[in-house]
Amino acid sequence: MKIHTYEKLWLGAAMVLIVGFIATITYGSVGLGITMIGDDEPAIEPDALDEDERFADPRVEHVGENEYEAYVVARTFLFQPDPIEVPANSEVTFYVTSTDVIHSFSVVGTNTNTMVIPGEISTMTVELDEPGEHGVICNEYCGSGHHNMEGELHVVPEDEFDMTELEVEADDEVAEGDEVALNVSIENGMLDDLETTIEAEIGEETFEEDVTVEGDSTYETTITVDAADLGEGDHDWSVTVDDYEDSDTVTVVDELEDDGDDENDGGDGDE
Amino acid sequence: MSNTFVDAYPRQSRLIRQAFLTSFVALGVGAFFGLLQALHRTDIWRPIESSTYYTVLTGHGVFLVVSFTIFFLVGVYQWAVTESLEREPVDMRFTWFWYGAMVFGTLLAAIAILAGFTDAIDISADVLFTFYAPLQGHPLFYIGLVIFVVGTWLAGADWFRTWWAWTKDNPDKRIPLPTFMVLTTMIMWYISSIGVAASIILFILPWSIGLIESLNPTLTRTLFWYFGHPVVYFWLLPAYLLWYILLPKLSGGRLFSDPLARVVFILFVLLSTPVGIHHQYLDPGIAEGFKYIAMTNTMFLLLPSLLTAFTVVASMEHGARQRGGTGYLGWLKALPWREPAFTGMALAGLVFAFGGFTGIVNAGMNINYLVHNSLWVPGHIHTQVGTAVALTFMAGSYWLIPQLTGNRLVGRGVALFQVLLWFVGIVFMTNSMYRGGLIGMPRRTAEPEYDGFEYEIAAGSVGELNVQLALGGVLLFVSALLFLSLMLLTLFNNDSEPIDERTIPAPLSGPEDSPAVLDNLKLWVAIAAVLVVLAYVVPLASIASRGGLFGPDVSPFPVSLETIVSVQFITTVAESLLANLGR
């Protein structure tokens, strides 16, 4: 075959260029550790996500010192949870799946970007060093409301981040002869112990209790006060744990209307 | 007395004119949809609801990359085969049959898409050109696509048949280069379009009719991309044919190397298909190793395009020197820049070179994560298909249409302005798209600005990007209209002088400089098949075994409001439309 000398040179240079590209990309993978979405997780039933222990309740979990796992569900046309909150200086592994059509989970302006295909779980581990708020969008057309599909990723400064959840249950109405009881439950989602103080107020009365909530567990306690001490009428109460507060009003009545036979469970004070 | 193609082959010219006409109608509709999108996305003018944007987007994609490009391809290839073999098809009725099938398929798909604009008919197919299941369009859409693809298969069979008839009369001759390009393109097309045909016929169509209840979205998606990358070369190779065959002549010279042109087309046969997974770098359920293999194969696909760059530029330089050009770069001035066919193709080649490098970014698997599905990607598509291909087709038409009609091109000066306008338009539009993609703006969305965050842009502003995109879109639309007007005027032009001589000068280095093995098509088919098997059997088996052949139990997500209703009625309408068109 007759090939012009210049063309041979060009051919050689083209091959060098190609091999060079492959080498730099391989270096990015192996040397810098920029991994891709793979097939690490087994397939999943997209119609049965609500029975899956990871995706029934989409959430963030603390799994190691600075390690978190986020279980995210994409569906037309939203992401759950929203926002996703994680601390700065952490390593977060996202597990994302779809319950209906193909979506994407794309943190805008970053290379945290994956297709989300029903039946498959996309996993990627991301180092989040700086605090900040990022937009999360679906960049794969998923139907007529595609352009409304967005969420947020909040990278919170480490000292402001916790995974505490406060829940208080109390009766709405209490007979004057009974006790007003605030059933407090503090859930600590972090692996480390949470040392904190429960501060409560009912009417004029105040309470304070120092507690230690062990990692990945829930602490429950009940604060009681005699209804008679409060007197007939409406009394505001509140419970505060760190930055979390729950509050409502209890009414002390002379006698409960339905003879107090069954528990009048009213609403819990949860907002 | 002129010596045009239509004088020599009036029956062929009629068919090719018809194919080009269909192609240009699709171009007109698709370009108008493109204009709507450019203005809607940027929130400059929103005459439609944002939910209707996706109907427009589906039409833009299908009409331009399926109808416009492929009807043009069959026209050019019919011309190339006839001209280079100096021979007509064995049976012209068969030729009209495949053309009819392609038109019929297009009409069915078009009805399914366009019905999405009205609530009066319960049909729609807002599934975009990629129709990823479980998004579900009306069955008519899928049926139309299948008929269209079968039509192209028959077209290929027709060209092979003509060539076989020719070999009987010319047993020891090398395959003429244009026919070689046609046959190799079609081999690539047969190997690759099997994927989309399987995806539709085995899974998506029965599922859309309700014969099967579910499918495996990763599997149908992978089969789509098995076809989805080579289809890009199906659009591109007719442009390559024009660059190799016509551009050297327009430059005033001859093709630099026939052997290398053959090597280039063989490389496309071998490498076009085993790369499709590079569109799925971000897909879960496909192991990283398969993605790596696709990446390396893709990088080697640079080779035929780099070789083409050399040959085309060398041919142009040769032409320029024949015209009296001198100096290292001074010869550039001697090129026929006033000739719209030449200038259009040269600009298309320039844009293609730039766009090729953006394609390397896409192909770089880990860099791809930054730009995947961002506006960067349509930026790449519009430089490659929207300019390298489309502008070459338009420029080529300025030379071909006079050959096919015997009418002198109307408005050569306007034509020159038209190709320049396209170039300017694409520079504005894709500049905005590439930059928008880098800040994370998504593609394929009616409203790229969100409530929860603002794009962080280092230079310029989102407003400025929007203006550039809209301006580019408007310029491109005006340019397309100018082109179509000139084509129409030329069609009805009674003036027949002057028209360029139709003969193509022989290459500087002819086929005798290359080994005959290059023409052994069976060998290349066999090697291509082995490469496809190596690249795809294991990934496909893995995907099917993970999610099941018919998938996890995922419900269809109809984008069409109502399926199956009145298929009968629509078929009747389509048939009568076709009958009218055939007249």
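The values are calculated or read from the model by the stated rules, or taken from the named source; none is laboratory data. In this text the structure is predicted, and so the values were computed from the model without any measurement. Cβ: placed from backbone, ideal geometry, glycine included. Neighbour counts: every protein chain shown.
Listed by first and then second residue, the pairs linking a residue in the range B:45-65 that is away from every other protein chain (no Cβ under 13 Å) and under 17 Å from A:F77 (Cα atoms) to a residue that is among the hydroxyl-bearing types (S, T, Y) and surrounded by fewer than 22 Cβ atoms within 10 Å (Cβ to Cβ), with Cβ atoms under 6 Å apart and 6 or more places separating them unless they lie on different chains, form an empty list.
For the range A:1-51, filtered to residues that are buried (at least 16 other Cβ atoms within 10 Å of the Cβ) and among the aromatic types (F, W, Y), the residue that is nearest to A:Y95 (Cα to Cα) is A:F21. Within the range B:472-482, not a single residue is closer than 30 Å to B:T311 by Cβ, of a type in the set (F, W, Y) and under 27 Å from the mean Cα position of the chain (by Cα). Looking only at residues that are out of contact with any helix residue (DSSP H, G or I) (no Cβ under 6 Å at 6 or more places or on another chain) and of a type in the set (G, A, S) in the range B:111-142, which one is nearest to the other protein chains (Cβ to nearest Cβ)? By that ranking, first place goes to B:G137.
Of the residues A:L49, A:L17, A:L11, only one is within 14 Å of chain B (Cβ to nearest Cβ), in contact (Cβ under 8 Å) with a residue 40 or more places away in the chain and assigned to a helix (DSSP H, G or I); which? Selected residue: A:L49, the only one of A:L49, A:L17, A:L11 that is within 14 Å of chain B (Cβ to nearest Cβ), in contact (Cβ under 8 Å) with a residue 40 or more places away in the chain and assigned to a helix (DSSP H, G or I).
Tally the residues that are over 26 Å from B:G547 (Cα atoms) and either touching a residue at least 40 places away in the same chain (Cβ under 8 Å) or within 13 Å of another protein chain (Cβ to nearest Cβ) (or both), restricting the search to the range A:122-131.
Of the residues in the range A:122-131, the ones over 26 Å from B:G547 (Cα atoms) are A:126-131.
When the remaining residues are screened for being either touching a residue at least 40 places away in the same chain (Cβ under 8 Å) or within 13 Å of another protein chain (Cβ to nearest Cβ) (or both), the result is A:126, A:128-131.
Matching residues across the range A:122-131 total 5.
Out of B:Y328, B:Y369, I need the residue that is of a type in the set (F, W, Y), in contact with a strand residue (DSSP E or B) (Cβ under 7 Å, 6 or more places away or on another chain) and either at negative phi or surrounded by fewer than 18 Cβ atoms within 10 Å (Cβ to Cβ) (or both). Which one? Outline the logic, then answer.
Details: B:Y328 fails: in contact with a strand residue (DSSP E or B) (Cβ under 7 Å, 6 or more places away or on another chain).
Being of a type in the set (F, W, Y), in contact with a strand residue (DSSP E or B) (Cβ under 7 Å, 6 or more places away or on another chain) and either at negative phi or surrounded by fewer than 18 Cβ atoms within 10 Å (Cβ to Cβ) (or both) holds for just one of B:Y328, B:Y369, which is B:Y369.
When you look at B:E49, is it more than 25 Å from B:I504 (Cα to Cα) and part of a loop (DSSP other than H, G, I, E, B), yes or no? It is true that B:E49 is more than 25 Å from B:I504 (Cα to Cα) and part of a loop (DSSP other than H, G, I, E, B). A single entry from B:G440, B:G425, B:G406 fulfils the requirement of being within 14 Å of chain A (Cβ to nearest Cβ) and of a type outside the set (F, W, Y): B:G440.
Looking at this structure, is A:V180 in a strand (DSSP E or B) and closer than 30 Å to B:L57 by Cα? Criteria not met by A:V180. Among the residues of the range B:332-384, the ones that are over 21 Å from B:P448 (Cβ atoms) and in a helix (DSSP H, G or I) come to 25 in all. Only residues that are at pLDDT 95 or above and either under 17 Å from B:L21 (Cα atoms) or β-branched (V, I, T) (or both) were counted across the range B:94-150, and they come to 24.
Answer yes or no as to whether A:E140 is acidic (D, E) and over 21 Å from the mean Cα position of the chain (by Cα). Yes; evaluated as a whole, the condition is true for this residue.
Residues in the range B:443-484 that are part of a loop (DSSP other than H, G, I, E, B) and away from chain A (no Cβ under 14 Å): B:A459, B:G460, B:S461.
Evaluated against (1) within 7 Å of chain B (Cβ to nearest Cβ); (2) without any contact (Cβ under 8 Å) to a residue 60 or more places away in the chain, A:T110 falls short on exactly one condition, (1). Residues in the range A:154-181 that are touching a residue at least 60 places away in the same chain (Cβ under 8 Å) and aliphatic (A, V, I, L, M): A:V155, A:V156, A:M163, A:L166, A:V168, A:A170, A:V174, A:A175, A:V180. Selection of the range B:430-444 for residues being out of contact with any strand residue (DSSP E or B) (no Cβ under 7 Å at 6 or more places or on another chain) and under 13 Å from B:T42 (Cα atoms) yields B:S432, B:M433, B:G436, B:R444.
When each of A:G145, A:G151, A:G119 is tested for being at positive phi, within 14 Å of chain B (Cβ to nearest Cβ) and in contact (Cβ under 8 Å) with a residue 12 or more places away in the chain, the lone residue that passes is A:G119.
Conditions tested, residue by residue: (1) more than 30 Å from B:G276 (Cβ to Cβ); (2) in contact with a helix residue (DSSP H, G or I) (Cβ under 7 Å, 6 or more places away or on another chain).
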{"site": "B:T326", "(1), (2)": "yes, no"}
{"site": "B:G330", "(1), (2)": "yes, no"}
{"site": "B:W376", "(1), (2)": "no, yes"}
{"site": "B:V419", "(1), (2)": "yes, yes"}
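Scanning the range B:492-526 for residues that are aliphatic (A, V, I, L, M) and surrounded by 16 or more Cβ atoms within 10 Å (Cβ to Cβ) yields B:I499, B:I504, B:L508, B:L518, B:L521, B:V525. For A:E61, the conditions (1) more than 12 Å from chain B (Cβ to nearest Cβ); (2) loosely packed, with under 15 Cβ neighbours inside 10 Å; (3) among the charged types (D, E, K, R) are fulfilled apart from (2). Anything in the range B:141-170 that is more than 19 Å from the chain's Cα centre (by Cα), closer than 22 Å to B:W79 by Cβ and not polar (S, T, N, Q)? List them, or say none. Passing the criteria: B:A157, B:D158, B:W159, B:F160, B:R161, B:W163, B:W164, B:A165, B:W166, B:D169. Listed by first and then second residue, the pairs with beta-carbon distance under 9 Å, at least 6 apart or on different chains, first residue in the range B:293-311 and more than 7 Å from chain A (Cβ to nearest Cβ) and more than 21 Å from B:L241 (Cα to Cα), second outside any helix (DSSP H, G or I) and aromatic (F, W, Y), are B:A294/B:Y281.
Annotation: of all residues in the range B:234-264 being away from every other protein chain (no Cβ under 14 Å), crowded, with 24+ Cβ neighbours inside 10 Å and of a type outside the set (A, V, I, L, M, F, W, C), the one that is farthest from B:S542 (Cα to Cα) is B:S251. With respect to B:M441, determine if the residue is buried (at least 24 other Cβ atoms within 10 Å of the Cβ) and more than 23 Å from the chain's Cα centre (by Cα). Criteria met by B:M441. A:R54 satisfies every condition listed in (1) assigned to a loop (DSSP other than H, G, I, E, B); (2) away from every other protein chain (no Cβ under 11 Å); (3) surrounded by fewer than 17 Cβ atoms within 10 Å (Cβ to Cβ); (4) not aliphatic (A, V, I, L, M) except (3).
All of A:E176, A:E160, A:E187, A:E169 fail the test of being touching a helix residue (DSSP H, G or I) at 6+ places or on another chain (Cβ under 6 Å) and closer than 30 Å to A:T222 by Cα, apart from A:E176. In the set (1) in contact with a Phe, Trp or Tyr (Cβ under 9 Å, 6 or more places away or on another chain); (2) of a type in the set (V, I, T); (3) over 15 Å from B:W376 (Cβ atoms), B:V414 fails one condition alone, (1). Taking the listed residues B:P304, B:P259, the one that is within 22 Å of the chain's Cα centre (by Cα), over 30 Å from A:S98 (Cβ atoms) and outside any loop (DSSP other than H, G, I, E, B) is B:P304, with no other qualifying.
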